[in-house]
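Undergrad: Below: one structure in structure tokens.
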Amino acid sequence: MLSLKMSSQTICEGQQVVPIETFNQCDNNSWVLTFEDNFDGNNLDLSKWNVATGIPRDPYFEKQKAWHKPENVVVENSFLKIISKKETLLNQCFDKWINDSMQHFCSDFEYSTGEIGTKSKFEYGKFEARIRIPKGKGFWPAFWLFGGSPVYNEIDIFEFWDNSTSDHNMTVFYDFDGDGNASMCLTDYDGTDYSQSFHIFTLIWKKNKIEWYVDGNLKRTDYRYYTILGKTTGCTINAWSQYILNKIYPKDPMAIILNTAIQTGTYKPDNSTTFPAQMEIDWVRYYQRKPCQDINITDASQFPLSNQVYNVIVGKNVNINCNFTIQSGQQLEIVAKNSITLEPGFNAELGSTFTARIEPTVCGSVLKSASIENGQDFNELINNKSIINEAVTSSDVLIYPNPN
């Protein structure tokens, strides 16, 4: 094992490697907004998010103990509020898979809280949210990415713990050898009191490096590959050259999670802690780097849909001219600069989620959108002139035939 730590980069655990082929690890395509939630309206969008009930993790209560309730996740006045309460909850029971067997747990709880996580997982991209954290001893607010089992990978964009609202942890976890035990690498940053106002927390996760930002200011950088002397590499990794591979570097898709845990032990709440308390989230956004080109799909195998990873097609003009079905439980978003054309054979089954968006700023050049979700009839979209007038200015969303 090799450990190195420099001013802005960290190798918590490295391994010498010799690539057998030359490859480019950089992607300089434009950032495209492909997922967001501004928490408008009065209800959480359950097509995007899962809401935790019970104990999502830590069934032995080694670090935190609070019962998670959907009622503690509230959307109002264009904000998501994750509310932590002091309340007595007796004999709450839950089941957990532990060591390949289902185990049953029951316990009393003094506190309740909330957590949401995206239904889909996300690959490399830019993740950010505008958040104000709660203040008080015992609160453990977090904005993070989690892959879960069977491949354990995690990136904590922030965690505030141990009675601090200024010192936050930025951490990566990865189970490099797949033995079920993830290694971790932690860096903290002591800034302002983040409970007093909203701040923008950003993570840029690329194939070659991870960057953490607060309000646009870089706080930490990790790289996947380093030179044999521990220096950063450029975009090109050369065959038959020696490098240090950062074994902690996550590389598998992950869900976005927002939650507030309640700590146990020395840092558990006391009489100074004010309940109820809330973490407030103004918005959440995810961007992907996508090439700017025309997309013409004539065979569904050109773009197979995943049930787990967020599916998005981006291009100047997007045309789907084949038997292409979004199955129940699947999701697809199309973002185009000029036009989206869905020819006969395109189908979104009941229970699927489909979004088509014309965005002139794609390819570096006013955001208008039209959505079809959960099997809504395409004819309903075409006949809803208020949606079409909002979605189409000088651009086109074309669906053939009508009805489809």
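The values are calculated or read from the model by the stated rules, or taken from the named source; none is laboratory data. Treat the numbers as computed from the prediction; the structure is a model and nothing was measured. Positions of Cβ are backbone-derived with ideal geometry, glycine not excepted, and every protein chain shown enters the neighbour counts.
Undergrad: Pairs only if they're at least six apart or on different chains, beta carbon under 7 angstrom, first in region 209-226 and more than 27 Å from Gln16 (Cβ to Cβ), second charged (D, E, K, R); list them, first residue then second.
TA: Tyr213/Lys219; Leu218/Glu211
Undergrad: State all residues of region 61-91 that are closer than 11 Å to Asn259 by Cα and outside any strand (DSSP E or B); if no residue qualifies, say none.
TA: Asn72 - this is the single residue of region 61-91 that is closer than 11 Å to Asn259 by Cα and outside any strand (DSSP E or B).
Undergrad: Identify all residues within region 156-203 that are in a strand (DSSP E or B), hydrophobic (A, V, I, L, M, F, W, C) and under 12 Å from Ile131 (Cβ atoms); write none if there are none.
TA: Taking region 156-203 as the starting set, the residues that turn out to be in a strand (DSSP E or B) are 156-160, 167-174, 183-190, 199-203.
Filter once more, so that each one left must be hydrophobic (A, V, I, L, M, F, W, C): 157-158, 160, 170, 172-173, 184-186, 200-201, 203.
Answer for region 156-203, where residues must be in a strand (DSSP E or B), hydrophobic (A, V, I, L, M, F, W, C) and under 12 Å from Ile131 (Cβ atoms): Ile157, Phe158, Phe160, Ile200, Phe201.
Undergrad: Identify, please: which residue in region 20-50 is among the hydroxyl-bearing types (Ser, Thr, Tyr) and in a strand (DSSP E or B) and is, among those, farthest from Val312 (Cα to Cα)? Write out each step before concluding.
TA: So the first thing to find is which residues in region 20-50 are among the hydroxyl-bearing types (Ser, Thr, Tyr), and the list is 22, 30, 34, 47.
Next, from what is left, pick out any that are in a strand (DSSP E or B): 30, 34.
Working: Ser30: 14, Thr34: 7 Å.
The extreme case among them is Ser30.
Undergrad: Can you name every residue in region 121-146 that is outside any strand (DSSP E or B) and surrounded by 22 or more Cβ atoms within 10 Å (Cβ to Cβ)? I'd like the intermediate steps shown before the answer.
TA: Keep residues of region 121-146 that are outside any strand (DSSP E or B), which gives 123-124, 133-138.
Within region 121-146, Ile133, Pro134, Gly138 meet the criteria.
Undergrad: Spot the failing condition for Asp193; the list is (1) more than 30 Å from Asn319 (Cβ to Cβ); (2) buried (at least 18 other Cβ atoms within 10 Å of the Cβ), and only one is missed.
TA: So Asp193 meets the others, but not (2).
Rundown of residues vs (1) among the β-branched types (Val, Ile, Thr); (2) crowded, with 19+ Cβ neighbours inside 10 Å; (3) at pLDDT below 95, yes/no style:
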{"residue": "Thr232", "(1), (2), (3)": "yes, no, yes"}
{"residue": "Pro250", "(1), (2), (3)": "no, yes, yes"}
{"residue": "Ile257", "(1), (2), (3)": "yes, yes, no"}
{"residue": "Ser272", "(1), (2), (3)": "no, no, yes"}
{"residue": "Gln278", "(1), (2), (3)": "no, yes, no"}
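Undergrad: Any residue at all in region 287-304 that is surrounded by 14 or more Cβ atoms within 10 Å (Cβ to Cβ) and over 30 Å from Gly345 (Cβ atoms)?
TA: Yes - at least one qualifying residue is present in region 287-304.
Undergrad: If you don't mind, another one. Please work out which residue is nearest to Leu332 (Cα to Cα), limiting yourself to region 296-311 and to residues that are modelled with pLDDT of 95 or more and in a strand (DSSP E or B).
TA: If we take residues in region 296-311 being modelled with pLDDT of 95 or more and in a strand (DSSP E or B), then Ile297 is nearest to Leu332 (Cα to Cα).
Undergrad: Does Asp108 fit the bill of being closer than 23 Å to Pro276 by Cα, surrounded by fewer than 19 Cβ atoms within 10 Å (Cβ to Cβ) and at pLDDT below 95? Write out each step before concluding.
TA: Details: closer than 23 Å to Pro276 by Cα: yes; surrounded by fewer than 19 Cβ atoms within 10 Å (Cβ to Cβ): yes; at pLDDT below 95: yes.
Taking the combined requirement at face value, the residue satisfies it.
Results for (1) in the same structural domain as Glu13 (by TED's automatic domain parsing); (2) closer than 17 Å to Cys12 by Cβ; (3) in contact with a Lys or Arg (Cβ under 6 Å, 6 or more places away or on another chain), shown as yes or no for each residue.
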{"site": "Asn163", "(1), (2), (3)": "yes, no, yes"}
{"site": "Ser166", "(1), (2), (3)": "yes, no, no"}
{"site": "Tyr174", "(1), (2), (3)": "yes, yes, no"}
{"site": "Asn181", "(1), (2), (3)": "yes, yes, no"}
{"site": "Cys185", "(1), (2), (3)": "yes, yes, no"}
{"site": "Tyr189", "(1), (2), (3)": "yes, yes, yes"}
{"site": "His199", "(1), (2), (3)": "yes, no, no"}
{"site": "Leu203", "(1), (2), (3)": "yes, no, no"}
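Undergrad: So which strands (runs of 3 or more DSSP E) are wholly in region 209-275 and hold at least 3 residues that are under 27 Å from Lys48 (Cα atoms)?
TA: Numbers: elements: 209-214, 217-223, 225-227, 243-246, 255-262.
Because the criterion is at least 3 residues that are under 27 Å from Lys48 (Cα atoms), the strands (runs of 3 or more DSSP E) in region 209-275 that meet it are 209-214, 255-262.
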